[in-house]
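Reading through the structure tokens given below for one structure.
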Amino acid sequence: MEQKKNYTLPIIMMFGLFAMISFVTGLTNPLGVIVKNQFAVANWASQLGNLANFIAYAVMGIPAGMMLKKFGYKNTALAAVAVGFIGVGIQYISGQAGSFAIYLTGAFISGFSMCMLNTVVNPMLNTLGGGGKKGNQLIQFGGSLNSISATIVPILVGALMGNAAQATISDAAPALFIAMGIFVVVFIVLFSMQIPEPFAEAEKKDQKDEHSALSFRHFRLGALAIFIYVGIEVGIPNFMNLFLTSAQDAAVPGMGMSAAAAGSLVGTYWFLMMIGRLVGGLVGGKVSSKWQLVTVATVAILFVVAGIFSSKETIVSMPAFTGSSFELVSVPVSVMFFTLCGLCTSVMWGGIFNLAVEGLGKYTSMGSGFFMVMVCGGGVLPVIQGGVSDSAGYMAGYWVVIAGLAYLLFYALIGSKNVNKDIKVD
């Protein structure tokens, strides 16, 4: 009788990589505030580092899927970690050189790494969980660690920045050193461990498939959903940060606050994402991905609409790290509503991914690569939101978010149904 394999260690390793992805990607949020002030650029231009990071997904998504298919999980992950070290190193050099162009180059290369890691982590956790509800459950638990990293980054960099109006990229150097150190440790640990290669084991050589992941309608619509979702997830906190650190407006309490305090409030958004993912992981084995997505998309729409239409004079107190201690700070109630959206965006990634690859079978690995292409939405939508914000104000920019959430609701209710069950996936 064949002994059942224990995948605990590989699962833990994938959780660690999930955290790595968030830490490096999250650096573009506070660095966007630095860039806006250091180079005196508009809101949309402050998102170019974020765009460079995410547009790399469009370039690397398909090659990453091909690497996963040809070289397996371990080798693809090792290559991704090495590339990530180089990318973050270049961002550090940009601080020494005071060059915006070098910074964008580093962000672009870091994006290659994050795309490759995402290509490995998501299908790996889904597979180790056996797909379905259990696969979604593992992705949600992994996402919780992702959120912990995202919570730490804006607080850490905000504290290092001090005065946002005077900060430069070189002020964030300690955070970049931490990221490079993490890459080194992960490379060593990953190199020394065994990782199962389920798709590689099942791969049939010299056999050309008649179909692909794109042959499935629910996958195509799911890929678009990921494009939109990542833009939503990134846009909500990025523009909350820009709004809070922008020039003081006497009519709007909370504007013009320190980078540390604003970063702390943004960190609260990511902290709530962690809470949401933990809850999602706990209920993921009982509630379908479809109804999870329906629920959170609906609630998120309500939160964003409430934030847009809330009176600027209505203020609330929220806990924030002001640079030396935690204390209550006064902010418009809209900030509270946008922060609460973290509870909703928390489980969207896992739900969309799980719905999109359900029933793909042997097409899952290449499908995951294409999925990563669409993550570039995390760079594209914030630039659009920035353009709207520049022309009509920060609150108007959040209508871009509402339009995206409406599509996610459509996908959960209608677009996620597999209408191509006649295609063989064995």
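For every residue, the table says whether it meets (1) part of a helix (DSSP H, G or I); (2) modelled with pLDDT of 70 or more; (3) open to solvent by 10 Å² or more (accessible area, probe 1.4 Å).
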| residue | (1), (2), (3) |
| --- | --- |
| GLY106 | yes, yes, no |
| LEU117 | yes, yes, no |
| ASN122 | yes, yes, no |
| GLY135 | yes, no, no |
| PHE141 | yes, yes, yes |
| GLY158 | yes, yes, no |
| LEU176 | yes, yes, no |
| PHE183 | yes, yes, no |
| GLU210 | no, yes, yes |
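If LEU360 meets every condition in (1) modelled with pLDDT under 90; (2) open to solvent by 10 Å² or more (accessible area, probe 1.4 Å); (3) hydrophobic (A, V, I, L, M, F, W, C) apart from one, which number is that one?
(2)
Quick one: LEU244 ticks every box in (1) open to solvent by less than 10 Å² (accessible area, probe 1.4 Å); (2) more than 25 Å from the chain's Cα centre (by Cα); (3) at pLDDT 85 or above except a single one, so which number is it?
Of everything listed in (1) open to solvent by less than 10 Å² (accessible area, probe 1.4 Å); (2) more than 25 Å from the chain's Cα centre (by Cα); (3) at pLDDT 85 or above, LEU244 misses just condition (2).
Determine whether VAL388 is open to solvent by 10 Å² or more (accessible area, probe 1.4 Å) and modelled with pLDDT under 90. If you could, list the steps in order and put the result at the bottom.
Details: open to solvent by 10 Å² or more (accessible area, probe 1.4 Å): yes; modelled with pLDDT under 90: no.
No, not satisfied.
In region 407-419, is there at least one residue being in a helix (DSSP H, G or I), surrounded by fewer than 24 Cβ atoms within 10 Å (Cβ to Cβ) and either touching a strand residue (DSSP E or B) at 6+ places or on another chain (Cβ under 6 Å) or polar (S, T, N, Q) (or both)?
Of the residues in region 407-419, the ones in a helix (DSSP H, G or I) are 407-415.
The next check asks that each one be surrounded by fewer than 24 Cβ atoms within 10 Å (Cβ to Cβ); those that pass are 407, 409-410, 413-415.
Adding the requirement that they be either touching a strand residue (DSSP E or B) at 6+ places or on another chain (Cβ under 6 Å) or polar (S, T, N, Q) (or both) leaves none.
No: zero hits.
Which condition does LYS36 not pass, out of (1) charged (D, E, K, R); (2) surrounded by fewer than 18 Cβ atoms within 10 Å (Cβ to Cβ); (3) over 29 Å from LEU138 (Cα atoms), if it passes all the others?
LYS36 satisfies every listed condition except (2).
Scan the helices (runs of 4 or more DSSP H) fully inside region 335-403 and keep the ones with 3 or more residues being within 30 Å of ASN420 (Cβ to Cβ). Break it down stepwise before answering.
On the way: elements: 348-357, 364-373, 377-392, 394-397.
Once the helices (runs of 4 or more DSSP H) in region 335-403 are filtered for at least 3 residues that are within 30 Å of ASN420 (Cβ to Cβ), what remains is 348-357, 364-373, 377-392.
Of the residues MET336, MET374, MET348, only one is open to solvent by 10 Å² or more (accessible area, probe 1.4 Å) and modelled with pLDDT of 90 or more; which? Walk me through how you get there before you give the answer.
On the way: MET374 fails: modelled with pLDDT of 90 or more; MET348 fails: open to solvent by 10 Å² or more (accessible area, probe 1.4 Å).
On inspection, the qualifying residue turns out to be MET336.
Kindly indicate the residue of region 73-97 that is without any contact (Cβ under 8 Å) to a residue 60 or more places away in the chain and polar (S, T, N, Q) and also most open to solvent (accessible area, probe 1.4 Å) among those meeting that condition.
The selected residue is ASN75.
Taking ALA52 as the residue in question, decide whether it is in a helix (DSSP H, G or I), without any contact (Cβ under 8 Å) to a residue 60 or more places away in the chain, open to solvent by 10 Å² or more (accessible area, probe 1.4 Å) and not hydroxyl-bearing (Ser, Thr, Tyr).
So ALA52 does not fit the description; no.
Find all pairs meeting these conditions: Cβ atoms under 7 angstrom apart; at least six residues apart or on different chains; first residue within region 308-332 and at negative phi; second residue among the aromatic types (Phe, Trp, Tyr) and outside any strand (DSSP E or B).
Every condition considered, the pairs that remain are ILE308/TYR398; SER310/PHE337.
Report, ordered by the first and then the second residue, all pairs with beta carbons closer than 8 Å, sequence separation of six or more or different chains, a first member in region 18-41 that is without any contact (Cβ under 8 Å) to a residue 40 or more places away in the chain and over 21 Å from LEU190 (Cβ atoms), and a second member that is hydrophobic (A, V, I, L, M, F, W, C) and buried (at least 24 other Cβ atoms within 10 Å of the Cβ).
Close Cβ pairs (under 8 Å, with a partner that is hydrophobic (A, V, I, L, M, F, W, C) and buried (at least 24 other Cβ atoms within 10 Å of the Cβ)) amount to VAL41/VAL35.
Output the number of the condition that LYS70 fails; it satisfies all remaining conditions of (1) modelled with pLDDT under 75; (2) assigned to a helix (DSSP H, G or I); (3) open to solvent by 30 Å² or more (accessible area, probe 1.4 Å).
Condition not satisfied by LYS70: (1).
Would you check if there is a residue in region 323-331 being of a type outside the set (D, E, K, R), at pLDDT below 95 and open to solvent by less than 40 Å² (accessible area, probe 1.4 Å)? Quick ask: steps written out before the conclusion?
From region 323-331, those of a type outside the set (D, E, K, R) are 323-326, 328-331; that's our starting set.
Of the ones still in play, those that are also at pLDDT below 95 are 323-326, 328-331.
Add one more test, that the residue is open to solvent by less than 40 Å² (accessible area, probe 1.4 Å), and what stays is 329, 331.
Scanning region 323-331 turns up at least one residue that is of a type outside the set (D, E, K, R), at pLDDT below 95 and open to solvent by less than 40 Å² (accessible area, probe 1.4 Å).
The values are calculated or read from the model by the stated rules, or taken from the named source; none is laboratory data. Owing to the predicted nature of the structure, the values given are computational and were not obtained by experimental measurement. Methodologically, a virtual Cβ is constructed for each residue, glycine included, from the backbone with ideal geometry; neighbour enumeration extends over all protein chains shown. The protein model used for the area step is the full one, side chains on, heavy atoms only, and it has no ligands, DNA or RNA in it. Shrake-Rupley method; radii C 1.70, N 1.55, O 1.52, S 1.80 Å.
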